[in-house]
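The values are calculated or read from the model by the stated rules, or taken from the named source; none is laboratory data. Only a predicted model underlies this, so the values are computations on that prediction, with no experimental measurement involved. Glycine also receives a Cβ, built like all others from the backbone with ideal geometry; neighbour counts cover every protein chain displayed.
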Amino acid sequence: MTMLTHPIRTCVGCRSRKEQQLLTRYVPNAVGQPVASRASSGRGAWICSESATCITAATKTRAFDRAWKTQSSERQALVTKISTTRQLTRAAQP
Ligand SMILES: [Zn+2]
């Protein structure tokens, strides 16, 4: 077995895969805005270090939300599915 000395992470802004040391980890602050932090536990989103472009791209595409709130996105998808089903049911009735 070969040990990976440099873990690979994907930048959520440009989707490129780089060595972890070339990326900066962001975690959500109290109001859900990205804050650079290596230490905080929980979900993190990786962004190319020193790249305002990648941060902007990640913000526009809501990539931070996807990286941090996988479960709530899944719940949102489920809610959407249920409401779509209700509309179809209502439409089928006279
Ligand atoms: Zn990037």
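Remarks
- Boolean, P34 is modelled with pLDDT under 95 and within 16 Å of the ligand (Cβ to nearest atom): yes
- Residues of segment 3-24 classified as more than 10 Å from the ligand (Cβ to nearest atom) and within 11 Å of A67 (Cα to Cα), total: 0
- Wholly enclosed strands (runs of 3 or more DSSP E) of segment 1-51 bearing at least 3 residues among the charged types (D, E, K, R): 17-19
- Odd one out for K69, checked against (1) within 15 Å of the chain's Cα centre (by Cα); (2) at pLDDT 80 or above; (3) buried (at least 16 other Cβ atoms within 10 Å of the Cβ): (2)
- Residues of segment 37-54 that are within 16 Å of the ligand (Cβ to nearest atom), over 15 Å from D65 (Cα atoms) and of a type outside the set (A, V, I, L, M, F, W, C): S49, E50, S51, T53.
- Selection within segment 18-34 - free of Cβ contacts under 8 Å to residues at least 24 places away in the same chain and surrounded by 12 or more Cβ atoms within 10 Å (Cβ to Cβ): E19, R25
- A single entry from T80, T53, T84 fulfils the requirement of being at pLDDT 90 or above, surrounded by fewer than 17 Cβ atoms within 10 Å (Cβ to Cβ) and out of contact with any Lys or Arg (no Cβ under 8 Å at 6 or more places or on another chain): T53.
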